[in-house]
Amino acid sequence: MTQGRFIALEGGEGVGKSTQGRMLAEALRTRGLDVVTTREPGGTLGAEAIRAMLLSTEGEGWGARAEALLFAAARADHVEKLIRPALVRGAWVVCDRFVDSSRAYQGGGGGLSDAEVLDLHRIGSEGLLPDLTILLTVRPEVSAQRLALRDGGTGDRIESRGAAYHSRVAEAFRSFATQNPDRFAVIDAEGSPDEVHARVMTSLAGLLA
Ligand SMILES: Nc1ncnc2c1ncn2[C@@H]1O[C@H](COP(=O)(O)OP(=O)(O)O)[C@@H](O)[C@H]1O
Ligand SMILES: Cc1cn([C@H]2C[C@H](O)[C@@H](COP(=O)(O)OP(=O)(O)O)O2)c(=O)[nH]c1=O
């Protein structure tokens, strides 16, 4: 049995994570690999239910601590029921966002410390980390343009937070990648989907060898 690998795609909204996740999964399947694609928050029934509670724009919203706990709870269910079993059977898991999103949004952008977010992850998901985290980066005006085309200006609860929040998030992602160069690949996600996909495949060369 081949060894299962866990790949996460990270970055702000509209950088192209879902698009690149689909293209990556297809390329891996072409190589004969068993591939599971999934996303956070979500991926299991329980985690999708929590996603709806987190991202709905109705009601009064969550405080920073409750929000961080809910993301961690969704992840715990996702890791236990979908990600770990897939890795154990030797599949590759391609996940749209993982714990670095919590570190960037609930930590860097939000109000909890990085250590607190990592504690929640240790308790919820036994600290599971991806083999490779692909951080897609574009200039803010490029993601804004892509989001306008995709969503026509209707953001979810978190997407609709201001530019200052999203710039703290982007800065946090960049600093995690600088601190953990072995675990991260930072990829320029401007250019056509095919051009970005080629960069993604280059970043995976070590794992595919
Ligand atoms: N390289 C690209 N160039 C132009 N548009 C893109 C590119 N990648 C994705 N898009 C488009 O931009 C929008 C956001 O992409 P998406 O993959 O949904 O991003 P994310 O998952 O990061 O929010 C979608 O409408 C998608 O079709
Ligand atoms: C996984 C995760 C997502 N989020 C946020 C980021 C997004 O604004 C939102 C939903 O993610 P997503 O649907 O991936 O948004 P997009 O495709 O536009 O990038 O949840 C967190 O704040 N913390 C987390 O741990």
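The values are calculated or read from the model by the stated rules, or taken from the named source; none is laboratory data. Model, not experiment: these values are computed from the prediction. Backbone-built Cβ (ideal geometry, glycine too); neighbour counts: all protein chains shown. Ligands, DNA and RNA are excluded from the accessible area calculation, which covers all protein heavy atoms including side chains. Shrake-Rupley method; radii C 1.70, N 1.55, O 1.52, S 1.80 Å.
Values computed for the structure shown
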| read-out | value |
| --- | --- |
| Matching residues, region 1-23, being charged (D, E, K, R), away from ligand 2 (no atom under 11 Å from the Cβ) and closer than 20 Å to Ala177 by Cβ | Arg5 |
| Lone qualifier among Ala91, Ala68 - being open to solvent by less than 10 Å² (accessible area, probe 1.4 Å) and near ligand 2 (Cβ under 10 Å from one of its atoms) | Ala68 |
| Checking Asp114 against (1) open to solvent by 40 Å² or more (accessible area, probe 1.4 Å); (2) within 16 Å of ligand 1 (Cβ to nearest atom), the condition it does not meet | (2) |
| In region 24-60, the residues that are part of a helix (DSSP H, G or I) and more than 15 Å from ligand 2 (Cβ to nearest atom) | Leu24, Ala25, Glu26, Ala27, Leu28, Arg29, Thr30, Leu45 |
| Ala185 vs. criteria without any contact (Cβ under 8 Å) to a residue 12 or more places away in the chain, open to solvent by less than 80 Å² (accessible area, probe 1.4 Å), on the phi < 0 side of the Ramachandran plot and away from ligand 1 (no atom under 15 Å from the Cβ) | no |
| Close pairs (9 angstrom Cβ cut-off, 6 or more residues apart or separate chains): in contact (Cβ under 8 Å) with a residue 60 or more places away in the chain and outside any helix (DSSP H, G or I) in region 154-170, of a type in the set (A, V, I, L, M, F, W, C) and crowded, with 17+ Cβ neighbours inside 10 Å anywhere | Gly155/Leu147; Asp156/Leu54; Arg157/Leu54; Ile158/Leu54; Glu159/Leu147 |
| Single residue of region 29-61 satisfying the filter (of a type in the set (Gly, Ala, Ser) and modelled with pLDDT of 95 or more) that is nearest to Ser101 (Cα to Cα) | Gly42 |
| Residues satisfying the stated conditions in region 17-37, i.e. within 15 Å of ligand 1 (Cβ to nearest atom), open to solvent by 20 Å² or more (accessible area, probe 1.4 Å) and not charged (D, E, K, R) | Ser18, Thr19, Met23, Thr37 |
